[in-house]
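For reference, the structure is listed below as structure tokens.
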Amino acid sequence: QVQLVESGGGLVQAGGSLRLSCTASGRTFSRYFNSYAMGWFRQAPGKEREFVATIKLGAGVTYYADSVKGRFTISRDNAENTVYLQMNSLKPEDTAVYHCAAGVVSGSSYGALTSSRTYDYWGQGTQVTVSS
């Protein structure tokens, strides 16, 4: 049982930056902390949800979608059970609802960590809007 609380969305001009945060809590999360991955997915109206970035909490392994590599950075503060997504050089096509997700995964493979099926718990989402 995991609860996720997100914050940090908003409106920004193209080229600007935002930082999203996601804090996790719950007995299950605490017990299996090192086995959890936490990631960010986004969904624009009329489009399919897509993977953005993820991190394995114990190992610190990270993966990024090609569209955000070099611009976005995912990090974690394990003491606070919080994951951050630093978004720089934002583009209008980054506009979407961003969802934080958490799930148990064996190992740190790209296939497992980037699949939405890995994630059992999802935040409510936070809107990111990038104006041109």
- prompt: Hey, got the dipole for the chain? About the Cα centre, +1 on K and R Cβ, -1 on D and E Cβ, debye to the nearest 20?
  reply: 140
- prompt: Considering amide H positions built from the backbone, and no H for Pro or chain starts, which residues 5 or more places from Asp120, or on another chain, come under 5 Å of its amide H?
  reply: Ala102, Gly103, Val104
Most positive-pole-ward Cα, Val2, Ser89, Ala14, against dipole of the stretch 1-90 from beta carbon charges: Val2
query: Can you pull out the trypsin sites (Lys or Arg not before Pro) in the stretch 62-119 that DSSP calls coil and that have at most 11 other Cβ atoms within 10 Å?
result: Lys69
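Under 8 Å for C-alpha pairs, at least 6 residues apart: give me the relative contact order for the chain, rounded to a whole percent.
Values: 326 pairs, mean separation 45.6, N = 132.
Averaging sequence separation for qualifying contacts and normalising by length gives 35 percent for the chain.
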message: List the residues, sorted by chain then number, that are 5 or more residues from Ser89 or on another chain and whose placed amide H is less than 5 Å from its amide H.
response: none
query: For the stretch 1-50, what is the Kirkwood estimate of the hydrodynamic radius, computed as the reciprocal of the mean inverse distance between distinct Cα atoms, to one decimal in Å?
result: 13.4
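On a full-extension model of 0.36 nm per residue, what is the gain between Ala59 and Glu93, subtracting their alpha-carbon distance, rounded to one decimal in nm?
9.1 nm
When the helix-only estimate is applied to the chain (DSSP H runs of n ≥ 4, each -39,500 (n - 2.57), divided by the residue count), what is the mean residue ellipticity at 222 nm, nearest 500 deg cm²/dmol?
Values: 2 runs with 9 residues, N = 132.
Calculated from helices alone, the mean residue ellipticity at 222 nm is -1000 deg cm²/dmol.
Quick one: plug the Kirkwood hydrodynamic radius of the chain (C-alpha pairs) into Stokes-Einstein at 4 °C, 1.567 mPa s, and report D in µm²/s.
89
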statement: With +1 on the Cβ of every Lys and Arg and -1 on the Cβ of every Asp and Glu, the dipole magnitude of the stretch 31-101 about its Cα centre, in debye rounded to the nearest 20, is 100
- request: Report the full-extension gain for the segment Ser132 to Arg71: residue separation times 0.36 nm, less the Cα-Cα distance, to one decimal in nm.
  value: 20.3 nm
- prompt: Is the stretch 60-132 rounded, prolate or oblate when judged by the Cα gyration tensor, a ≥ b ≥ c being the square roots of its eigenvalues, rounded requiring a/c under 1.5 and prolate requiring a/b larger than b/c?
  reply: prolate
statement: For the pair Asp120 and Glu80, the simple spin-label estimate (label points 7 Å beyond Cα toward Cβ) gives in nm 2.7
query: By how many nm would the segment from Gln3 to Ser25 grow when fully extended, if each residue of separation counts as 0.36 nm and the alpha-carbon distance is taken off?
result: 7.4 nm
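Coordinate-derived values only; no laboratory data. It should be emphasised that the depicted structure is a prediction, and the values quoted were computed from it without experimental measurement. As a convention, Cβ positions derive from the backbone with ideal geometry for all residues, glycine included, and neighbour counts pool all protein chains shown.
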